[in-house]
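The values are calculated or read from the model by the stated rules, or taken from the named source; none is laboratory data. Not measured: the values here are computed from a predicted model. All Cβ positions, even for glycine, are placed from backbone atoms using ideal geometry, and neighbour counts span all protein chains on display. Note: areas computed on protein heavy atoms with side chains; ligands, DNA, RNA excluded. Shrake-Rupley method; radii C 1.70, N 1.55, O 1.52, S 1.80 Å.
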Amino acid sequence: MSQKDMETLFNQLDSTVQLLRNEIDFSYLEALTESGSNLIEKNIPTEMKNILNPATADKLTEIYQGANTADMEPEDIRKSLQLAILKGLKEDKVQANHQMTPDAIGFMFVYFIEKVRDTSLTKMRILDPTVGTGNLLSTVYNALATANVEVQAEGIENDDLLIDLAAMATRLQRQNVKLTHQDAIQDLLVDPVDLVVSDLPIGYYPVDERAKSYTSAAKGGHSFAHHLLIEQSMKYLKPNAFGLFLVPKLLFETPEAASLMKAIQKSGYLQGMLHLPKELFANEQSQKSILLLQKDGDQAEQAKQVLLGNIPDLKNQQSMLKFMQEVDSWKKENL
């Protein structure tokens with residue numbers, strides 16, 4: 001599909017959002033969730049039609065029925081949705097922990113997944129315990145599907161609006177995704193998975209009583225939610241499987257790092273930590289890294305040399321080529 005097709009879908013979504021907001025007290029993202037769902041159904045629910053001006057309802061129905069997503073590639077649909085969600089995040093002034101994972105980071109996840117995944121698997125189960133709007137999960141899903149892998153995905157999210165957005169987005173992309181609305185620190189009804197991906201929310205977890213059962217819990221006061229989520233995710237990986245997490249660059253430079261490392265080593269191995277280019281972040285404090293963990297198993301062992309380093313500026317082709325060659329060498333020698 002062309003750039004024009006992606007722009008057309010974005011404009012259809014955006015215009016229907018504006019039409020809904022003119023008559024109903026919706027935020028942009030609430031209206032986008034409603035409109036995306038209506039576009040899938042090619043119609044407006046009766047209860048909504050009853051409160052809309054008839055001319056508005058007719059105009060919305062015309063746009064929904066005129067939208068053609070059936071012939072679009074899921075990845076092109078994702079990019080159209082991304083534009084709309086980014087606009088909504090800006091207009092609604094959404095907090096930092098609810099921002100969408102940028103494509104540049106999503107594509108680096110895909111690159112590392114292609115390096116470490118078991119290519120003999122024609123079917124894969126993947127889990128995102130903090131799915132948010134679903135953009136990272138969808139990016140990985142679409143890449144695996146393009147590689148002829150049959151994907152079954154699960155996402156966990158405790159925010160009502162974000163999980164509704166993710167549900168709409170994954171349905172529109174025709175993805176096989178099960179979404180559960182709950183706190184991911186609680187016990188999950190998730191069968192073991194072949195891959196975990198997560199853009200971890202950074203901050204403290206407020207329920208100390210629940211956190212204290214975790215090895216990575218703080219000795220006193222609130223525990224870091226991102227530490228608990230890493231430990232929790234490892235429980236649901238199949239033997240030998242990998243988890244990739246977006247984490248603070250200074251993850252292992254806090255007093256609580258020792259308990260996190262202990263939790264990781266209880267069930268697996270820290271195989272890599274790659275610092276993302278500083279150009280992707282507003283300031284030094286917000287810089288992130290990709291953490292690469294592997295569940296223990298009969299084919300897993302601690303890498304002789306943990307994959308550490310800085311991912312170069314993605315626009316610098318020569319530096320990126322050299323970096324990729326270094327990753328290939330590391331894989332041959334360590335996995």
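Before moving on, here are some points about what is shown:
- Anisotropy class of region 76-194 from Cα gyration tensor, a/c 1.5 cut: oblate
- Relative contact order %, region 117-193, counting alpha carbon pairs below 8 Å whose residues are six or more apart: 35
- Filtered chymotrypsin sites (Phe, Trp or Tyr not before Pro), region 232-335: DSSP coil and at most 15 other beta carbons within 10 Å: Phe281
- Length-normalised contact order for region 51-156 - Cα pairs under 8 Å, 6+ apart - percent: 27
- Options (1) 37.0; (2) 18.1; (3) 20.0 - which one matches mean projected area of the Cα convex hull in nm² as calculated here: (2)
- Portion, in percent, of the accessible area of the chain that falls on carbon or sulfur, probe 1.4 Å: 49
- Listed residues Gln285, Asn142, Met48: farthest to the positive end of the dipole of the chain (Cβ charges): Gln285
- Compactness index (Cα Rg / 2.2 N^0.38 Å), region 179-335: 1.08
- Comparing Ser35, Ser233, Ser213 in a Gaussian network model of the chain (Cα springs below 10 Å), the most mobile by mean-square fluctuation is Ser213.
- Gyration tensor (alpha-carbon) shape descriptor, region 265-335, a/c threshold 1.5: oblate
- Average accessible area per residue (Å²) across region 1-91 - probe 1.4 Å, nucleic acids and ligands excluded: 50
- Rounded to the nearest 20 debye, dipole of region 54-138 from Cβ charges on Lys, Arg, Asp, Glu: 300
- Against the chain, whose longest principal axis is taken from its Cα atoms, helix 135-146 shows a tilt of about 80°.
- Gap separating the Cα centres of region 263-335 and region 134-189, nearest whole Å: 24
- Considering only beta bridges that DSSP places wholly inside the chain, some 40 percent are antiparallel.
- Region 205-251: trypsin sites (Lys or Arg not before Pro) in DSSP loop, at most 15 other beta carbons within 10 Å: Lys212, Lys219
- Mean residue ellipticity, 222 nm, helices only, the chain: the sum of -39500 (n - 2.57) across DSSP H runs of n ≥ 4, divided by residue count and rounded to 500, is -14500 deg cm²/dmol.
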